[in-house]
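The values are calculated or read from the model by the stated rules, or taken from the named source; none is laboratory data. This one's a predicted model, so the numbers in the text were calculated from it and none came from an experiment. Cβ placement follows ideal geometry from the backbone for every residue including glycine, while neighbour counts extend to all protein chains displayed.
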Amino acid sequence: MNAAYSTDGQYIHPSILNADFLALGAELEKISTADSVHVDVMDNHFVPNLTFGASMVEQIVRRSAIPVDAHLMIEDADREAPVFAEAGASSVTFHLEATAAPIRLARELRRKNAQVGVALRPATPVEPLLDVIGEFDMLLIMTVEPGFGGQSFLETMLPKIRRARRAISAANLEVSIQVDGGVSRETIERCAEAGANVFVAGSAIYRAQNAADEISALRELASVHRAH
């Protein structure tokens with residue numbers, strides 16, 4: 001499968017969960033030097049929080065200078081996820097816990113010209129997924145419990161990242177590993193060393209004095225410490 005990015009590269013996806021939605025155009029402009037904008041879609045069922053749906057994603061796609069990476073924290077992904085590909089998201093990530101037929105869904109999303117990610121909550125083991133990981137372009141390993149921004153990074157997820165990267169490398173696959181939750185200058189080095197290469201950072205970027213400088217600093221730290 002064609003990967004969204006080379007696994008040799010290091011990519012920063014700012015999460016707009018921490019943005020000022022009343023000034024969305026300006027908030028998107030702040031992060032225009034990033035690789036994608038990470039959009040957290042929550043339905044108040046799969047996670048105890050509510051954000052927005054496909055129509056908002058479509059508006060963000062229209063306004064953003066960079067691709068949109070949609071992370072769906074929603075129930076019934078089999079039925080709902082394709083709508084976000086149709087809305088123009090370049091990458092659509094659904095939770096393994098929210099789908100009955102992940103491979104079928106991945107192939108449907110790809111037919112709609114979206115890259116495909118599969119996400120795991122912290123307590124969901126990665127091993128059952130490894131035999132079919134080549135069906136996806138990206139594996140998202142949550143490093144906090146999904147649903148809220150600003151949580152502390154879970155160090156216990158680092159071995160999970162390592163196991164996934166070893167399996168992907170052993171199979172000679174171009175599958176990216178994304179981490180989401182508590183990513184900052186203090187944690188990105190350990191994630192990169194473990195084998196992640198796509199990094200979602202929200203508060204670290206939007207609370208920085210200069211978002212573009214923070215994006216550059218995070219990318220550099222990840223590049224220096226990337227797994228070999």
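I'd like to verify a number: residues in the stretch 190-213 that are touching a residue at least 12 places away in the same chain (Cβ under 8 Å) and over 16 Å from the mean Cα position of the chain (by Cα), how many?
To start, the set of residues in the stretch 190-213 that are touching a residue at least 12 places away in the same chain (Cβ under 8 Å) comprises 190-207, 211-212.
From what is left, the residues that are over 16 Å from the mean Cα position of the chain (by Cα) are 190, 193-194, 206-207, 211-212.
Adding up the residues that qualify gives 7.
Would you check if there is a residue in the stretch 61-72 being within 10 Å of GLY147 (Cα to Cα) and within 15 Å of the chain's Cα centre (by Cα)? Don't jump to the end; show me each part of the working.
Going through the stretch 61-72, the residues within 10 Å of GLY147 (Cα to Cα) turn out to be none.
So far as the stretch 61-72 goes, no, none of its residues is within 10 Å of GLY147 (Cα to Cα) and within 15 Å of the chain's Cα centre (by Cα).
Can you name the condition, by its number, that ALA208 falls short on among (1) part of a loop (DSSP other than H, G, I, E, B); (2) farther than 20 Å from SER6 by Cβ; (3) touching a Ser or Thr at 6+ places or on another chain (Cβ under 7 Å)?
Going through the list (1) part of a loop (DSSP other than H, G, I, E, B); (2) farther than 20 Å from SER6 by Cβ; (3) touching a Ser or Thr at 6+ places or on another chain (Cβ under 7 Å), ALA208 breaks only (3).
Taking the stated definitions as given, is GLY134 of a type in the set (Gly, Ala, Ser) and touching a Ser or Thr at 6+ places or on another chain (Cβ under 9 Å)?
no
Return the total of residues in the stretch 171-204 being touching a Lys or Arg at 6+ places or on another chain (Cβ under 8 Å) and either among the acidic types (Asp, Glu) or at negative phi (or both). Explain how you work it out, then say what you get.
Here is the first cut: in the stretch 171-204, the ones touching a Lys or Arg at 6+ places or on another chain (Cβ under 8 Å) are 177, 192-197, 204.
Subset that is either among the acidic types (Asp, Glu) or at negative phi (or both): 177, 192-194, 196-197, 204.
Going through the stretch 171-204 one residue at a time, the tally reaches 7.
Checking the condition farther than 15 Å from MET138 by Cβ, touching a residue at least 24 places away in the same chain (Cβ under 8 Å), surrounded by fewer than 17 Cβ atoms within 10 Å (Cβ to Cβ) and polar (S, T, N, Q), which residue from ASN18, ASN44, ASN49 passes? Working first, answer last.
Values: ASN18 fails: surrounded by fewer than 17 Cβ atoms within 10 Å (Cβ to Cβ); ASN44 fails: touching a residue at least 24 places away in the same chain (Cβ under 8 Å).
One residue alone meets the criteria, ASN49.
Being modelled with pLDDT under 95 and either touching a helix residue (DSSP H, G or I) at 6+ places or on another chain (Cβ under 6 Å) or among the polar types (S, T, N, Q) (or both), is that true of even one residue in the stretch 100-110? Even if it seems obvious, please write down each step before you answer.
Step one: filter the stretch 100-110 for residues modelled with pLDDT under 95, giving none.
So far as the stretch 100-110 goes, no, none of its residues is modelled with pLDDT under 95 and either touching a helix residue (DSSP H, G or I) at 6+ places or on another chain (Cβ under 6 Å) or among the polar types (S, T, N, Q) (or both).
Given the criteria under 13 Å from the mean Cα position of the chain (by Cα) and farther than 20 Å from ARG219 by Cβ, does ALA119 qualify? Let's see the steps before the verdict.
Working: under 13 Å from the mean Cα position of the chain (by Cα): yes; farther than 20 Å from ARG219 by Cβ: yes.
The answer is yes for ALA119.
Go through the stretch 52-82 and count every residue that is surrounded by fewer than 16 Cβ atoms within 10 Å (Cβ to Cβ) and either among the hydroxyl-bearing types (Ser, Thr, Tyr) or in contact with a strand residue (DSSP E or B) (Cβ under 6 Å, 6 or more places away or on another chain) (or both).
Matching residues across the stretch 52-82 total 1.
Restrict the check to the stretch 132-148 and report whether at least one residue is surrounded by fewer than 17 Cβ atoms within 10 Å (Cβ to Cβ), at pLDDT below 95, acidic (Asp, Glu) and out of contact with any helix residue (DSSP H, G or I) (no Cβ under 7 Å at 6 or more places or on another chain).
Within the stretch 132-148, one or more residues are surrounded by fewer than 17 Cβ atoms within 10 Å (Cβ to Cβ), at pLDDT below 95, acidic (Asp, Glu) and out of contact with any helix residue (DSSP H, G or I) (no Cβ under 7 Å at 6 or more places or on another chain).
Looking at THR33, THR93, THR7, can you tell me which residue is touching a residue at least 24 places away in the same chain (Cβ under 8 Å), in contact with a Gly (Cβ under 7 Å, 6 or more places away or on another chain), among the β-branched types (Val, Ile, Thr) and surrounded by 15 or more Cβ atoms within 10 Å (Cβ to Cβ)? Outline the logic, then answer.
Details: THR33 fails: in contact with a Gly (Cβ under 7 Å, 6 or more places away or on another chain); THR7 fails: in contact with a Gly (Cβ under 7 Å, 6 or more places away or on another chain).
Answer to the check: THR93.
Take the conditions hydrophobic (A, V, I, L, M, F, W, C), assigned to a helix (DSSP H, G or I) and within 17 Å of the chain's Cα centre (by Cα) and apply them to LEU139. Does it pass? Outline the logic, then answer.
On the way: hydrophobic (A, V, I, L, M, F, W, C): yes; assigned to a helix (DSSP H, G or I): no; within 17 Å of the chain's Cα centre (by Cα): yes.
Taking the combined requirement at face value, the residue does not satisfy it.
Taking the stretch 98-124 as the search range and keeping residues that are out of contact with any Phe, Trp or Tyr (no Cβ under 8 Å at 6 or more places or on another chain) and within 25 Å of PRO48 (Cβ to Cβ), which one is surrounded by the fewest Cβ atoms within 10 Å (Cβ to Cβ)?
ALA123
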